[in-house]
Each structure stands twice: as structure tokens, then as C-alpha cells.
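The values are calculated or read from the model by the stated rules, or taken from the named source; none is laboratory data. What you see is a predicted model; the values in this text were computed from it and never measured. Note that each Cβ is placed from the backbone with ideal geometry, even for glycine, and that neighbours are counted across all protein chains shown. Surface accessibility is based on the protein's heavy atoms, side chains included, excluding ligands, DNA and RNA. Shrake-Rupley method; radii C 1.70, N 1.55, O 1.52, S 1.80 Å.
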Amino acid sequence: MTAAIIPPQPAKYNIEAEWMEGEPFDWIAVNDRFTWNVTGKVNMAYECVDRHVDEGRGNRVALHYVSEKEEWTLTFAELKSEVNRWANVLLQHGVKKGDFVFVFLPKHPHCHIAMFAAIKIGAVVGPLFEAFMEEAVKDRINDCEGKYLITDDSFMDRVNREEIPSLTKVFTTNKTVGAIPSITKEAEKASDELDTVWVDLDDGLNIHYTSGSTGKPKGIIHAHRNMIQQYQTGRWVLDLKEDDVYWCTAHPGWVTGTVYGVFAPLLNGVTTVIHGGRFSAKAWYEVLEKAKVSVWYSAPTALRMMKSQSEDMHVRYDLSSLRHILSVGEPLNPEVIHWAYQTWNLRIHDTWWMTETGAQLIANLPTRPIKPGSMGRPIPGIEVEILNEEGQPLPPYETGHLAIRSGWPSMMKEVWKNPGKFSSYFPFGEEWYLAGDLAYRDEEGYVFFQGRSDDMINSSGERIGPFEVESKLLEHPAVRESGVIGKPDPVRGEIVKAFIVVHDGYKQREGLLEELRHFVKTELAAHCAPREIEMIEELPKTQISGKVLRRELKKWESANS
Ligand code: PRX
């Protein structure tokens with residue numbers, strides 16, 4: 001049963017003129033949108049920034065920064081010259097093609113500049129989420145023996161250099177900290193001329209660490225060829241046009257923030273809004289109004305929070321520029337779609353993809369009817385199947401493994417130092433990539449998300465590995481055993497819930513649960529900290545290997561709540 005279908009809103013969409021529903025589509029057709037198709041010279045940073053200057057669009061606004069204290073813009077020409085200066089500083093300090101450059105910065109134009117500076121000289125950029133604590137930062141940089149880090153001076157207390165021996169150079173932005181150079185200060189003296197380092201389409205572009213149900217987060221490496229799909233989905237799914245003002249609310253430490261907050265909009269030459277600050281419905285309405293946002297990409301939890309915090313707040317703001325809204329990262333419940341339609345008179349277009357897929361694969365295109373509760377249908381050039389346990393296709397309405405036919409342009413290049421993990425996405429052979437999601441399709445091919453096939457937790461759209469949280473809890477002297485699951489939550493989709501068995505003598509300790517929560521929050525990251533912790537006598541485990549049975553904990557939780 002699906003809730004009432006919402007028809008497309010009449011407007012001129014990019015895709016209408018370029019593709020007919022049902023027509024085959026070959027990604028090769030997108031190549032002629034790039035300068036490298038003629039010159040043979042490839043670099044993502046060039047296509048996002050320089051080409052707009054070279055083609056006479058240098059005076060257009062590239063970045064529009066809005067925070068409580070400041071508001072300013074950078075044109076494409078200004079962005080190019082800043083990127084070149086920063087890149088020259090990196091070159092002076094020895095950064096070479098293929099090196100990893102980590103970027104640990106708040107949502108700010110500096111983050112965009114740092115990323116492009118690294119990319120432009122052929123380095124692989126590793127954006128880190130701004131709320132990561134010491135251990136999360138350390139684990140990621142250590143895993144790929146990163147040599148370079150650009151961070152904010154106020155984040156330096158979360159960078160434990162002694163425990164990251166590979167790190168030869170750290171730069172801060174703004175203030176110098178002791179002997180650590182400030183890249184912004186050095187960039188003032190550097191040249192704004194730079195010879196771009198040309199790369200191959202398959203050379204490394206960026207790395208994002210992402211969690212699964214086992215082990216520590218894995219490094220997913222993407223290549224410059226991703227720009228093909230990132231440009232095209234920006235054009236067809238986000239419907240970006242030259243005059244648009246576009247806002248993606250995600251931080252570049254998450255894949256959405258990098259792909260659709262940095263690359264896709266700038267490949268399409270549109271003004272990209274960066275909001276420096278925390279979420280509140282009021283702050284976000286202010287950004288939408290002030291920056292005159294026309295296309296907005298966000299996530300279900302934020303939209304649910306807007307709904308619950310705002311009542312009729314929207315009537316106080318001029319949202320007349322807003323014309324297209326999209327969502328990603330977690331199930332988008334029909335109520336939110338209906339609320340948005342009543343409140344803003346706009347549909348929310350759910351989209352589906354993953355860190356590993358590098359760009360959107362399933363989406364509600366602006367030209368298609370929306371069936372609330374569905375993530376949409378495969379975009380042109382993408383083929384989806386629902387497979388059973390033996391890898392055989394299932395008929396409509398039967399739930400199985402969501403699979404994508406291999407061969408889309410933005411597919412991950414590799415899992416860093418982990419070919420076994422890479423192969424695990426293809427259990428039935430190279431033809432089908434398995435997402436780890438469970439879903440069904442209706443007879444029209446609309447895909448309905450039904451959950452994960454593993455124990456990965458999705459809280460507010462953030463991917464959390466239970467193993468990481470369990471391991472962190474075990475480091476606390478009070479905890480003997482731990483099992484962590486996602487517990488359904490009306491606002492956040494899921495919350496992290498931990499079951500623990502404590503050592504004798506700790507049972508009565510006052511404030512222990514709060515202490516444990518704080519422990520995870522300060523050592524790992526706030527989004528990983530269990531919102532609920534329950535003390536139990538024994539954890540359910542497999543008889544042979546003694547592994548914690550999270551599924552039993554889930555069953556137990558749903559029976560008792
Ligand atoms: O379970 C799916 C969920 O998020 C996972 C991917 O997480 P991540 O790599 O962090 O990327 C998130 C944003 C690109 C998927 O395996 N997910 C993503 N989009 C949706 C979704 N679940 C339901 N509906 C969606 N639209």
C-alpha cells in the first residue's frame with residue numbers, strides 16, 4: 001500500500017529536453033560536457049573551478065558563506081586564485097601526486113579551498129567530519145599513513161600527533177599554533193598561478209571512511225571519473241541551472257557533503273551555499289531566505305526536526321526562491337513529504353546512494369510522480385534488481401537484496417588495502433553490486449527500502465558501525481561485555497542503543513551510564529554515543545564463536561519497548 005501519489009510540478013526541467021522516459025542512456029554521452037574530452041587533460045578541480053573562469057563565468061558567485069556572524073561570497077575567479085595559492089603552499093611543503101591530504105575543518109569555504117588545492121595537484125583528499133574526536137581522526141589518518149593534514153586551530157586538541165607517526169606536516173587555518181604553520185598566512189605570500197597536475201580518469205580523487213557491521217571503518221577510494229555521474233545527476237536529479245543558488249546541508253566529511261556539497265554543484269557552475277553553524281529550524285529558514293536558495297538537498301532527520309520545531313514558522317520567511325527539494329541518507333517517511341507539500345507547496349525528492357556508489361543511483365526525478373515511501377526508480381543508465389539469497393531476481397513486492405548492475409561511472413575504485421572487503425560487495429559475481437540494503441520494487445519499478453541486511457546503524461543519516469561503539473565501550477574499566485544495535489526512533493530513524501554487562505563492583509556506581517555515554521562521545525564522536533544504555537546480566541552469543549548476537553538484542557528490544 002502506498003500513500004497518495006504526488007504528480008510532478010509543472011516546470012522546465014533539464015532532463016525533459018535531453019532524455020525521454022524509457023529511452024536507453026549511455027554514460028558515454030556525458031563525456032562531451034568536459035574539457036578533457038577535447039584536451040585529454042583531466043582534473044576534477046579544473047572542471048569545478050577553472051573551466052568556469054576560462055569560459056567567461058569568472059564573475060559568477062561560486063561560494064556563498066552564511067553564518068551567524070558573517071556572510072560573504074567568492075566568485076569562481078576568486079576561488080581559483082585561492083585554490084592556486086593554497087596548492088602552491090602544499091607543493092612547497094612537498095605534497096606530491098597520490099599523497100593523502102586530510103582536511104579536518106568546519107563547514108566553511110576553507111574546506112572547499114583545501115579540498116580543491118589538494119585535488120588540483122593530484123593528491124587524494126580525505127575530508128574528515130568536523131565532530132570527530134581524537135580516536136576517529138587518528139584511526140583514519142593512520143590507516144592510510146596520511147602525511148598531510150589541514151585543520152582548524154581550534155581542532156588541534158583532537159589531533160594527537162604522537163599517535164599518528166606518518167603525519168609529517170600539519171597546517172592550521174587562521175592562527176599559527178606553536179611551530180605549526182598557518183596555510184592561510186602562507187597562502188597570502190604564495191603565487192596565484194599554478195600548473196594543474198593532470199591525472200587519469202581512474203586516478204584517486206578522494207577517500208571517505210565508512211562503517212559496516214564489522215571492524216573499523218573502511219577507506220573507500222573514489223576516482224576523478226566520478227565527475228561524469230556527479231555532473232549528470234547534478235543536472236538531471238538536482239536539476240541545477242546556471243542561475244540556481246544551491247544548498248546541501250551535509251558536511252564534506254560525509255560523502256553527501258563532498259559529492260553534492262562540493263563537486264556536483266560546482267561542476268554545474270552554480271552558486272553553492274555553505275552554512276557555518278548548527279542546525280535549528282530558525283537558523284535554516286534564515287539561510288534559505290537570506291541566500292535565496294532555489295535548490296536544497298537535505299536529510300530526513302533534519303526535515304523531521306524542521307517539522308517538529310517550526311509549527312507555522314515558515315510564514316515568517318520569504319521562501320519564494322525555493323523550487324526543488326531533495327533528501328538522502330535514511331528512509332523518508334510519507335508524513336514528512338505530505339507535510340512539506342502542504343507547508344512549502346513543494347515535493348521532497350528522495351534519492352538513494354551510498355559512499356561506495358559515489359553518486360545517486362535511485363531517485364525521484366523531478367519529472368516523475370512520487371510515491372511517498374519509495375526512494376524512486378533507477379536513474380537513466382542504472383539498472384536495479386532485487387535478488388534472493390541465491391542471487392536470483394525476485395518478482396515485484398518480494399523483499400530481497402538491493403543490487404545494481406556494475407559499470408556506472410562513479411563506482412568506488414577500491415577499498416583501501418582491503419581487496420577482500422571490495423569483493424564482498426559482489427557475492428554473486430562481478431555483474432551485481434550488492435548494497436547491503438533490503439528492498440522491494442512495485443510493478444512500475446519504484447524501489448521501497450526495507451532495512452539493512454547487516455547490523456549497520458543509521459542514525460540521522462549517519463552510518464555507524466556497532467563494532468566501533470562496542471569496542472570503545474569495552475575500553476572503559478566498568479564494561480565487561482557490550483552489544484550495540486540501532487533502535488527505531490521517530491525523529492532520528494534509529495538511535496544507538498548499547499547493552500552492557502559490567503564488572504562486579506560497578507553495578508551500583510552512580511552516574512555510570514552517563515559516564516559511558518560521555519566516554520564514547522568524547523573519544524569517538526558524538527553521533528556514535530549511545531543515547532540509551534541498558535545494563536543486563538548476560539549478552540546473547542553464538543554457541544561456537546561466542547560472537548554477540550545483535551539480532552537477538554534487536555528482537556528483545558522490540559518486544560520490550
Ligand atoms: O542503508 C542505506 C541508507 O544509507 C546507506 C548508505 O550510507 P552512506 O554510505 O553513509 O551514504 C549516505 C548518503 C549517500 C544505504 O546503504 N540510505 C541512503 N539513502 C537512503 C537510505 N535509506 C533509505 N532511503 C534512502 N533514500
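Quick notes on this one:
- Ser410 being within 12 Å of the ligand (Cβ to nearest atom), closer than 14 Å to Gly445 by Cα and either open to solvent by less than 60 Å² (accessible area, probe 1.4 Å) or in a loop (DSSP other than H, G, I, E, B) (or both): no
- Failed criterion for Ala45 (all others in (1) in contact with a Phe, Trp or Tyr (Cβ under 8 Å, 6 or more places away or on another chain); (2) surrounded by fewer than 23 Cβ atoms within 10 Å (Cβ to Cβ); (3) of a type outside the set (S, T, N, Q) hold): (2)
- If the condition is being in contact with a His (Cβ under 9 Å, 6 or more places away or on another chain) and in a loop (DSSP other than H, G, I, E, B), then the range 246-291 contributes Thr249, Pro252, Gly253, Trp254, Gly269, Ala291.
- Pick from the range 299-354, criterion assigned to a strand (DSSP E or B) and away from the ligand (no atom under 12 Å from the Cβ), ranking: surrounded by the fewest Cβ atoms within 10 Å (Cβ to Cβ): Ile325
- Residue in the range 229-241 that is away from the ligand (no atom under 16 Å from the Cβ), open to solvent by 20 Å² or more (accessible area, probe 1.4 Å) and not in a helix (DSSP H, G or I) present: yes
- In the range 410-433, the qualifying residues are those that are aliphatic (A, V, I, L, M) and in contact (Cβ under 8 Å) with a residue 60 or more places away in the chain, and the one that is farthest from Val259 (Cα to Cα) is Val415.
- Exclusive hit being assigned to a loop (DSSP other than H, G, I, E, B), open to solvent by 20 Å² or more (accessible area, probe 1.4 Å) and either of a type outside the set (Gly, Ala, Ser) or within 15 Å of the ligand (Cβ to nearest atom) (or both), set Pro366, Pro395, Pro372: Pro395
- Options Val30, Val38: the member that is assigned to a helix (DSSP H, G or I), open to solvent by 90 Å² or more (accessible area, probe 1.4 Å) and hydrophobic (A, V, I, L, M, F, W, C): Val38
- Options Gly98, Gly56, Gly22, Gly94: the member that is in contact with an Asp or Glu (Cβ under 8 Å, 6 or more places away or on another chain), surrounded by fewer than 18 Cβ atoms within 10 Å (Cβ to Cβ) and not in a helix (DSSP H, G or I): Gly98
- When Ile386 is tested against the conditions (1) surrounded by fewer than 17 Cβ atoms within 10 Å (Cβ to Cβ); (2) outside any loop (DSSP other than H, G, I, E, B), the lone failure is (1).
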